[in-house]
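The values are calculated or read from the model by the stated rules, or taken from the named source; none is laboratory data. Just so it is clear, the model here is predicted, and its values are computed rather than measured. Quick reminder, even Gly has a Cβ in these numbers, built from the backbone with ideal geometry, and neighbours come from all protein chains shown.
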Amino acid sequence: MRIALLARNPNLYSHQRLIEAAQQRGHEIEHIHTLKCYMNITSHRPELRYRGSKVTGFDVVIPRIGASITFYGTAVLRQLEMMGVWPLNESVAIGRSRDKLRSMQLLARKGLGLPITTFAHDTANTDELIELCGGPPVIIKLLEGTQGIGVVLGETRRSAKSVIEAFRGAKVNILVQEFIKEAGGTDIRALVVGEKVIAAMQRTGPEGEFRSNLHRGGSAKSIKITPEERSTAVRAAKAMGLNVAGVDLLRSNHGPVIMEVNSSPGLEGVETATGIDVAGKIIEFIENNASPGKTRTRGKG
């Protein structure tokens, strides 16, 4: 197969591993810089151009779209879908997962475990938002944050109100969530490919840090997850419509709760912690499932 890797930086660990795994299995794979693509949006003959030439002849696209360029990246991916290229993750599914509010609503509709989550426009409702989450401490989270950036712990009612009012004063949309104290600064990243969890790691934040992101100095180790956690991760990925996803879970007193569903999960942490060839399993999934021209949503919204 001829595979396009849609990403900005081909030298990242995750991208190098995907390139290596595809080549080892006999496929041709080419990096395409997402932001250097441009489109000819014409009825019946959509085109994507890159460095002065038409993008043609690809069977599959692996989208690795950074959170900061979701809008443009999904537009490029939609164009490829309209051209009949099979995407590992579809543009619509990526858009769902990147919108934290929409993703929470979709997961709630499926009855999946979530921390109590509130959302409002008017700061006059701040006290009630905090109460709905069970009172302080609460987590205040930017809708467009990533890698733990834009996530604040409001330890007291006064500090939580100050943060919420400051964000809303800056016209920034936020979610307010209950703080799962019993998680103890750890979470689980379950890597879903197809309808299976192929690897799982437990991430622990540094001393005094409630966020466990590896980008923020957290550590990771392999972990055996429960059947309920496995089922929750698979159902969360399916609710988003993602073939490949990193599902972040917390162990609460009332079972696993979903913090986030990531459509471009990093591979370095999970491969290092577990020793599992995640990149190879992703390429194997593509081999078994790719069907050019059979995108479910065909670039629709």
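Below is a table of values for the structure above.
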{"item": "Every residue from region 236-280 that is closer than 16 Å to residue 196 by Cα, surrounded by fewer than 19 Cβ atoms within 10 Å (Cβ to Cβ) and touching a helix residue (DSSP H, G or I) at 6+ places or on another chain (Cβ under 9 Å)", "result": "276, 277, 280"}
{"item": "Residue, surrounded by the most Cβ atoms within 10 Å (Cβ to Cβ), within region 196-230, restricted to residues that are modelled with pLDDT under 70 and small (Gly, Ala, Ser)", "result": "212"}
{"item": "Flag if residue 49 is in contact with a Gly (Cβ under 7 Å, 6 or more places away or on another chain), touching a residue at least 12 places away in the same chain (Cβ under 8 Å), not in a loop (DSSP other than H, G, I, E, B) and not assigned by TED's automatic domain parsing to the domain that holds residue 265", "result": "no"}
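Here's the yes/no breakdown for (1) among the β-branched types (Val, Ile, Thr); (2) more than 30 Å from residue 282 (Cβ to Cβ):
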| position | (1), (2) |
| --- | --- |
| 114 | no, no |
| 141 | no, no |
| 174 | yes, yes |
| 186 | yes, no |
